[in-house]
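> Here's a structure for you.
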Amino acid sequence: MNDSSARPMRRSDRQTSDAEARELLTKGEYGILSTVSPTGEPYGVPVSYVFQNEEIVFHSAPEGRKIDHLTAGAPASFCVVGDTEILPSKFSTRYESAIASGTITELVGQPKLAALNSLIEKYSPEFLQQGADYVAVAADKTRVFALQVRTLTGKRRR
């Protein structure tokens, strides 16, 4: 999934495999979605998400700054940081991270409902029925978007 036109990673000795980057995206609790407005204003916002079918799916309120950026049509970037450990004596940190980029589309209808239920499965697996009931009531009050992953890189310091 790595884009051959992208700049090579400077510390390629720390680059993870594609499978490891996907695993981190799958298990991550939240990620930072970074967008740019039509006027060039950058914006990064933490979101809960699900990674499935080569897409990073997340929900949003119906309006706001994030929506303004998402509906502008510009590519987006998404970063997840996994386990970290500060190494004071080395003036460094152990870490793992994955960065994806791609285009954003809004999900509607059945794909939107399926995405909302996937979020319930990830974050509230012991409350599936209550979550399904909540989705049935709240689906019209939320918007759901998917970042189609075009590039994905992972990096780790052990």
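> For the stretch 116-126, state whether one or more residues are closer than 12 Å to A146 by Cα, touching a residue at least 40 places away in the same chain (Cβ under 8 Å), out of contact with any Cys (no Cβ under 7 Å at 6 or more places or on another chain) and part of a strand (DSSP E or B).
Scanning the stretch 116-126, I find no residue that is closer than 12 Å to A146 by Cα, touching a residue at least 40 places away in the same chain (Cβ under 8 Å), out of contact with any Cys (no Cβ under 7 Å at 6 or more places or on another chain) and part of a strand (DSSP E or B), so the answer is no.
> So which of Y49, Y30 is surrounded by 20 or more Cβ atoms within 10 Å (Cβ to Cβ) and under 19 Å from S124 (Cα atoms)?
That would be Y49, the only listed residue that is surrounded by 20 or more Cβ atoms within 10 Å (Cβ to Cβ) and under 19 Å from S124 (Cα atoms).
> Could you count how many residues in the stretch 127-158 are part of a strand (DSSP E or B) and not hydroxyl-bearing (S, T, Y)?
Here the count works out to 13.
> While we're here: Applying the selection to the stretch 52-67, what residues are under 15 Å from the mean Cα position of the chain (by Cα) and either surrounded by fewer than 17 Cβ atoms within 10 Å (Cβ to Cβ) or over 21 Å from R150 (Cα atoms) (or both)?
Correct list: Q52, N53, E54, S60.
> Would you please name the residue that is farthest from the chain's Cα centre (by Cα), looking only at residues in the stretch 77-97 that are at pLDDT below 95 and small (G, A, S)?
S89
> Let me ask something else about it. Would you pick out the residues in the stretch 92-113 that are among the small types (G, A, S) and surrounded by 16 or more Cβ atoms within 10 Å (Cβ to Cβ)?
Answer for the stretch 92-113, where residues must be among the small types (G, A, S) and surrounded by 16 or more Cβ atoms within 10 Å (Cβ to Cβ): S97, A98, A100, S101, G102.
> Could you tell me which residue of the stretch 68-91 is surrounded by the fewest Cβ atoms within 10 Å (Cβ to Cβ), considering only residues that are touching a strand residue (DSSP E or B) at 6+ places or on another chain (Cβ under 7 Å) and of a type in the set (S, T, N, Q)?
Among those that are touching a strand residue (DSSP E or B) at 6+ places or on another chain (Cβ under 7 Å) and of a type in the set (S, T, N, Q), it is T84.
> Restricting to the stretch 127-157, what's the tally of residues that are in contact with a helix residue (DSSP H, G or I) (Cβ under 9 Å, 6 or more places away or on another chain) and either in contact (Cβ under 8 Å) with a residue 40 or more places away in the chain or farther than 25 Å from E63 by Cβ (or both)?
Of the residues in that region, 16 qualify.
The values are calculated or read from the model by the stated rules, or taken from the named source; none is laboratory data. Please read these numbers as outputs of a predicted model, since none were measured by experiment. Cβ: placed from backbone, ideal geometry, glycine included. Neighbour counts: every protein chain shown.
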